[in-house]
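Scroll down for the structure; my scribbles are underneath it.
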Amino acid sequence: MYSSVATAAIFGIDSLHVTCEADISEGLPVTTYLGYLSQEVRESKDRIRTALRNTGICLPPKRITINISPASIRKSGSTFDLPIAASILAAIGLLPEALLRRLVMIGELSLEGELLPVRGVLPTALSMKERLPDSGEDILIVPRDNAEEAGLCPDIRVLPVRSLRELIDLLSLGEEELTLHFYQRKEGADQENSADRYSADFRDLHGQVFLRRALEISATGGHHLLMIGPPGSGKTMAASLLPGILPPMSPEEVIRLSKIYSVSGMLNEHQGLLQKRPFRNPHHTITSAGLIGGGMKAAPGEISLATSGILFLDELPEFQRNTLENLREPLEARSVTLVRNNLSITYPADFLLVCAMNPCPCGQYPGKLCHCSYGAISSYLSRVSQPLLDRMDLTAESQAVSFRDLIASDKMESSAEIRARVIQARKIQALRFRDKPYQLNSRIPVRDLNEFCQLTGQGIRYMEAAFKEQHLTARSFHRILRTARTIADLEGHENPEVTDLMEAVSYRSMDKKYWQEDAVWQSMSAFRG
């Protein structure tokens, strides 16, 4: 007696088609699992047998062989409980073989035979949609608690099931009766989530003209931003306002982000696909695995959960040094590859990095209120390495807000006004890069910089002087050109002009004020006499 059931395995944020086979033959009453399986899959042997018994089904005293193919791919997780149980039920004649050819099923079993929710349902449904109509598999069976997530893919018929007993009863129905039990998504279920609204507004950020400009440039070109200033000057608030001026996500970004949250088990708490750009703000005690991803079982980290949105690192020097250094490669590649047990998994990490920090341990440098020693300031600033600083396109200083700014009655620009300019500048970039694999100025490769960032003779002379005076590296020079390209788009310039270059250089020179030892020493001497 032989039977097979289609199921799926999650790798990264994608789903792979997997077949679960069951063969029942004469021999000693033993159950054997094959197919390069992890420990949690092998543990399902006793879980499934107990669940079948508590459902009222006793397995025959024969040899049962379970194979999950392809055998070259490692299978892990508890999603294989249901297909293994279903393949056994079909092999002993309790489920119709003809209907099984149209099914894909995933789910975890309790000892009582109830179905428990699992992760990665959305990627499974999307993978089924891509294989139709060639596969003929148009029905996805999932636990009842996963029905809403599976229903986000409209081309797949979803059959939610509570238990093994209900599965047997439903699959014994005729075609017309079975149709009545398919999941029906409620109209307007994702209306609230689709409204890309943010409660905070730029009108609430008083003063900080320089910082507001840096945030607008960052949002327009996708440039990474570092904010430096004393405590209470509005750095954290400014970062929280940034998502409100970003343009809406594209359909491709919506699907990619929703898949990441699905495999992380975080999609169930949302209504529909994720339409709002994420804002992730991890605490500085986070581990490298929590930030980058990985752990005992490979899972997306904060950099993946922030894809298409903002990753905000407050109190940057308080993070572990090795944790920060692990950001360097993902910032360039916009993805992260984790290797676990000879298995390589790649997660997206396409995020906008925004960091905030104090200029010294007390936060008052440079100024007479600062009482930190030269050694304390140097030690504090050295926690942020130069290679990481080189990857920050913009370094903006936030000044202490004055009393006059706090009580000023003049209305500041709203997020809606700034967002309109950002969207218009993004349209310019989309038109410019319509034949390129990138869409933002911050991602212009070096080979295309001369084409899109053409400098005049005056601009070349200015950048040559800035290169020597600022001791720029090749990476920082290229990032200045990309930033100048974004500023030119905001100002309506066809090519970066000298004023655009000067502003771009000013965002790179700010870090020299703090990280050059001579500058720190001279500043301390000036304030302390």
Boolean, L171 is modelled with pLDDT under 95 and open to solvent by 20 Å² or more (accessible area, probe 1.4 Å):
no
Failed condition for E40, given (1) part of a strand (DSSP E or B); (2) open to solvent by 10 Å² or more (accessible area, probe 1.4 Å); (3) farther than 17 Å from S163 by Cα, with all others met?
(1)
Residue list for region 380-409, filter: open to solvent by 50 Å² or more (accessible area, probe 1.4 Å) and touching a His at 6+ places or on another chain (Cβ under 6 Å):
D405, L406
Restricting attention to region 108-123, does a residue exist that is open to solvent by less than 10 Å² (accessible area, probe 1.4 Å), closer than 12 Å to V161 by Cβ and either acidic (D, E) or not in a loop (DSSP other than H, G, I, E, B) (or both)?
yes
Within region 6-37, count every residue that is part of a strand (DSSP E or B), open to solvent by less than 10 Å² (accessible area, probe 1.4 Å) and not aliphatic (A, V, I, L, M).
2
Since P60 meets every condition but one in (1) assigned to a loop (DSSP other than H, G, I, E, B); (2) out of contact with any Asp or Glu (no Cβ under 7 Å at 6 or more places or on another chain); (3) surrounded by 17 or more Cβ atoms within 10 Å (Cβ to Cβ), which condition does it not meet?
(3)
In region 411-429, the residues that are surrounded by 14 or more Cβ atoms within 10 Å (Cβ to Cβ) and not polar (S, T, N, Q)
M412, E413, I418, R419, R421, V422, I423, A425, R426, I428
In the list L122, L100, L111, L116, which residue meets the criterion of being in contact with a helix residue (DSSP H, G or I) (Cβ under 7 Å, 6 or more places away or on another chain) and farther than 17 Å from A6 by Cα?
L111
Under 7 Å by Cβ, and 6 or more places apart or on different chains, what pairs join a residue from region 440-457 that is on the phi > 0 side of the Ramachandran plot and at pLDDT below 95 with one that is open to solvent by 70 Å² or more (accessible area, probe 1.4 Å) and part of a helix (DSSP H, G or I)?
none
Pairs, first more than 10 Å from I13 (Cβ to Cβ) and open to solvent by 40 Å² or more (accessible area, probe 1.4 Å) in region 247-261, second modelled with pLDDT under 95 and among the acidic types (D, E), C-beta under 7 Å, six or more apart:
P248/D196
Which of the helices (runs of 4 or more DSSP H) contained wholly in region 277-392 include at least 2 residues that are at pLDDT below 95?
288-292, 321-325, 328-333, 374-381, 386-390
Out of the residues in region 124-164 meeting the condition of being in a strand (DSSP E or B) and not hydrophobic (A, V, I, L, M, F, W, C), tell me which one is surrounded by the most Cβ atoms within 10 Å (Cβ to Cβ).
P143
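Given the structure, is P83 under 18 Å from P160 (Cα atoms) and surrounded by fewer than 18 Cβ atoms within 10 Å (Cβ to Cβ)?
Values: under 18 Å from P160 (Cα atoms): yes; surrounded by fewer than 18 Cβ atoms within 10 Å (Cβ to Cβ): no.
For P83, the condition - under 18 Å from P160 (Cα atoms) and surrounded by fewer than 18 Cβ atoms within 10 Å (Cβ to Cβ) - is not met.
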Tell me which of these P366 doesn't satisfy, since it passes every other one: (1) under 28 Å from the mean Cα position of the chain (by Cα); (2) within 24 Å of E503 (Cα to Cα); (3) surrounded by 13 or more Cβ atoms within 10 Å (Cβ to Cβ); (4) not small (G, A, S).
(1)
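Give the residues of region 276-307 that are polar (S, T, N, Q) and either surrounded by 20 or more Cβ atoms within 10 Å (Cβ to Cβ) or at positive phi (or both), sorted by residue number. Break it down into steps so the answer makes sense when it comes.
The initial filter retains those residues of region 276-307 that are polar (S, T, N, Q), namely 281, 285, 287-288, 304, 307.
Selection gives S304, T307.
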When the residues of region 308-354 are narrowed to those that are basic (K, R) and within 18 Å of L389 (Cα to Cα), which ends up least open to solvent (accessible area, probe 1.4 Å)?
R328
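The values are calculated or read from the model by the stated rules, or taken from the named source; none is laboratory data. Keep in mind that this is a model prediction, so the values were computed, not measured. Reconstructed Cβ throughout: ideal geometry from the backbone, glycine too, with neighbour counts over all protein chains shown. SASA here: full protein model, heavy atoms, side chains in, ligands and nucleic acids out. Shrake-Rupley method; radii C 1.70, N 1.55, O 1.52, S 1.80 Å.
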